[in-house]
Amino acid sequence: MTQLNKVDVLVNAAGFTRSVSLSTPIEEAEADWDALVDANLKGSFLMAHVAAPLLASPGGRVINIGSIGAQTGGSRPGSLAYAAAKSGLHGLTYALARELAPRAITANAVAPGFIADTGFTGGWPQDRIAAIVAETPMARPGTPADIAGAVLWLASEAGSFVTGAVIPVNGGWRIG
């Protein structure tokens, strides 16, 4: 078995959502809350904790995939757990930046807006997608390549002095 002795870049991209609102029965709400926080926040903390001793110093990178929902509370009711978990992920990013900076390791997050044609958004109704695009100054949905470009920049030497940042990649959706 080959063992790693160095990690250059950790990208925490695991996550999912499901509806949790104040009308969700409490037992279901608690179970769904726990599952969402575990996947969207706790998993990123645990990965960073395990990877931290292996991150290249100087030059290592931690990049978390957050969400516009952390700032907006979600695009519709039922986003309580998801928005809270992604807000926590953004806070974790700030704390990681502070802890890792003395080793010249950066920690940042990318906060996507609406990204079309993903497993996350692939089943959304066309009227919902059209409404989001109508509210987006760039007049189009984002693509996975848009997110990958931001991650690539943060992982590159060009992003070496950026730490503790949450980079919105949302075409201007819900700015102001």
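The values are calculated or read from the model by the stated rules, or taken from the named source; none is laboratory data. The model shown is predicted, which means the values in this text are computed figures rather than measured ones. Glycine also receives a Cβ, built like all others from the backbone with ideal geometry; neighbour counts cover every protein chain displayed.
Here is how the numbers come out for the structure above:
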| quantity | calculated |
| --- | --- |
| Region 153-176 - residue that is touching a helix residue (DSSP H, G or I) at 6+ places or on another chain (Cβ under 7 Å) and closer than 16 Å to residue 70 by Cα and, of those, modelled with the lowest pLDDT | 174 |
| Residue 73 vs. criteria under 17 Å from residue 111 (Cβ atoms) and without any contact (Cβ under 8 Å) to a residue 40 or more places away in the chain | yes |
| Number of positions in region 142-172 that are farther than 19 Å from residue 107 by Cα and surrounded by fewer than 15 Cβ atoms within 10 Å (Cβ to Cβ) | 4 |
| Condition broken by residue 135, with the remaining ones in (1) in contact with a Phe, Trp or Tyr (Cβ under 7 Å, 6 or more places away or on another chain); (2) surrounded by 18 or more Cβ atoms within 10 Å (Cβ to Cβ); (3) at pLDDT below 90 satisfied | (2) |
| From the options 83, 70, residue that is in a helix (DSSP H, G or I) and at pLDDT 95 or above | 83 |
| Matching residues in region 1-36 - criterion: being part of a loop (DSSP other than H, G, I, E, B) and closer than 26 Å to residue 60 by Cα | 1, 2, 3, 4, 5, 6, 8, 13, 14, 15 |
| When residues of region 48-61 are limited to those that are in a helix (DSSP H, G or I) and surrounded by 18 or more Cβ atoms within 10 Å (Cβ to Cβ), the one farthest from the chain's Cα centre (by Cα) | 52 |
| Matching option when the condition is in contact with a Lys or Arg (Cβ under 7 Å, 6 or more places away or on another chain) and within 19 Å of residue 96 (Cβ to Cβ), among 51, 56 | 56 |
| Residue 153 more than 16 Å from the chain's Cα centre (by Cα) and not aliphatic (A, V, I, L, M) | no |
| Region 32-69: number of residues that are touching a residue at least 60 places away in the same chain (Cβ under 8 Å) and closer than 17 Å to residue 15 by Cβ | 4 |
| Filter result for residue 98 (among the charged types (D, E, K, R), at pLDDT 95 or above and closer than 27 Å to residue 113 by Cβ) | yes |
| Scan of region 101-158 for residues that are of a type in the set (S, T, N, Q), assigned to a helix (DSSP H, G or I) and in contact (Cβ under 8 Å) with a residue 40 or more places away in the chain, ordered by number | none |
| Residues of region 65-82 that turn out to be of a type outside the set (S, T, N, Q) and closer than 24 Å to residue 153 by Cβ, as a count | 5 |
